[in-house]
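Written below as structure tokens is the structure these notes are about.
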Amino acid sequence: MACHRRKSAAECRAYAKWRVDMLAERHAGALRRSIGLTRIVEGSALPEVEARWATTTIEIASTDTASAAIEASRRGERVCLLDFASYLSPGGGFLSGAQAQEEALCAHSSLYPALDARWDDFYEPNRSDHNDDLYYDRGLYVPDVLLFSGDEDVAAKVDVAVVAAPFKGRAMMTWGVSEQICDRVMGERARFAMDLMATASDEPVQTAITGALGCGAFRNDPKVASEAFLSWLEEHPGAFERVVFAIPGGSNLAAFEEAFAGVTSVPTRTSPSD
């Protein structure tokens with residue numbers, strides 16, 4: 001029954017409804033916990049990133065973010081996964097059958113109810129001020145999200161950082177924002193996403209799972225995104241033990257492979273904090 005890109009929008013809509021109903025029926029306790037722990041995080045409120053590991057290993061993987069997170073969790077790693085989010089709607093087009101990264105993540109996890117619970121204090125204010133579709137450094141941190149292998153088998157429990165990239169295509173076409181400004185904001189948003197994953201949890205995150213944030217329907221340049229991620233990692237060695245850029249093929253994968261060519265790890269310059 002699992003929804004994937006070979007399925008029609010109607011089939012994915014039906015699957016989304018099934019997933020939401022199934023979660024409410026079989027995982028109510030886990031949902032309450034995750035929803036209760038979810039919090040809004042503003043960029044200005046994040047603490048300083050600490051070096052917690054001697055070396056950060058960097059991997060570029062031709063896979064999706066959920067699969068990479070499940071693999072890392074099975075290795076015993078504490079994982080935070082980045083949701084390439086809609087700034088305006090919980091789960092983006094999940095309920096309507098869309099199939100981008102956030103929608104696929106909602107289809108195969110317990111994330112959607114935690115997002116839907118934040119209409120009043122997150123999505124409604126975002127809709128009131130979307131900053132010409134550039135959005136802001138404003139996200140959610142959702143702990144203890146269940147990831148499913150297939151339809152019903154719980155394969156992992158991970159934290160999810162919810163961050164929206166600027167919608168470059170709409171910002172330029174609708175609001176006349178320059179490409180230069182869009183690219184600058186994209187770089188800043190990638191850095192915010194990494195800051196959020198590195199600092200928002202009470203317990204250190206060992207493995208961060210991210211990818212080509214904003215480089216699909218939002219039309220951001222993967223070269224800009226990949227270079228911003230690389231710059232952040234070079235400036236914050238040891239923030240994670242491992243970072244995986246999970247990108248399922250295509251030109252985005254090629255751009256990240258080029259940006260990270262020869263870069264497989266970033267050692268700390270001083271001893272990591274205890």
Scan Ala156, Ala190, Ala198, Ala171 and give me the residue that is within 27 Å of Val20 (Cα to Cα) and in contact (Cβ under 8 Å) with a residue 24 or more places away in the chain. Ala156
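Scanning segment 66-118 for residues that are among the charged types (D, E, K, R) and within 28 Å of Ala10 (Cβ to Cβ), which turns out surrounded by the fewest Cβ atoms within 10 Å (Cβ to Cβ)?
Asp116
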Do the conditions hold for Ser44, that is, is it surrounded by 14 or more Cβ atoms within 10 Å (Cβ to Cβ) and closer than 30 Å to Leu230 by Cβ? no
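Conditions tested, residue by residue: (1) in contact with a Gly (Cβ under 7 Å, 6 or more places away or on another chain); (2) of a type in the set (S, T, N, Q); (3) without any contact (Cβ under 8 Å) to a residue 60 or more places away in the chain.
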site	(1), (2), (3)
Thr207	no, yes, no
Cys215	no, no, yes
Asn220	yes, yes, yes
Trp232	no, no, yes
Glu235	no, no, yes
Arg242	no, no, no
Ile247	yes, no, no
Gly250	no, no, yes
Please tell me if Asp129 is over 17 Å from the mean Cα position of the chain (by Cα), surrounded by fewer than 22 Cβ atoms within 10 Å (Cβ to Cβ) and at pLDDT below 95. no
State all residues of segment 183-216 that are closer than 19 Å to Ala51 by Cβ and of a type in the set (Gly, Ala, Ser); if no residue qualifies, say none. Ala193, Ala198, Ala200, Ser201, Ala208
Filter segment 16-58 down to residues that are modelled with pLDDT under 95 and of a type in the set (Ser, Thr, Tyr), then give me how many there are. 1
Checked segment 240-267 for anything within 21 Å of Thr55 (Cβ to Cβ) and over 17 Å from the mean Cα position of the chain (by Cα); matches are Glu241, Glu257, Ala259, Phe260, Ala261, Gly262, Val263, Thr264, Ser265, Val266, Pro267
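Every residue, every condition in (1) small (Gly, Ala, Ser); (2) under 29 Å from Pro248 (Cβ atoms); (3) in contact with an Asp or Glu (Cβ under 7 Å, 6 or more places away or on another chain), yes or no:
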{"residue": "Ala9", "(1), (2), (3)": "yes, yes, no"}
{"residue": "Cys12", "(1), (2), (3)": "no, yes, no"}
{"residue": "Arg33", "(1), (2), (3)": "no, no, yes"}
{"residue": "Gly43", "(1), (2), (3)": "yes, yes, yes"}
{"residue": "Pro47", "(1), (2), (3)": "no, no, no"}
{"residue": "Trp53", "(1), (2), (3)": "no, yes, yes"}
{"residue": "Glu59", "(1), (2), (3)": "no, yes, no"}
{"residue": "Asp64", "(1), (2), (3)": "no, yes, no"}
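The values are calculated or read from the model by the stated rules, or taken from the named source; none is laboratory data. All values derive from a computational prediction rather than experimental measurement. Note: ideal-geometry Cβ built from the backbone for every residue, glycine included; neighbour counts use all protein chains shown.
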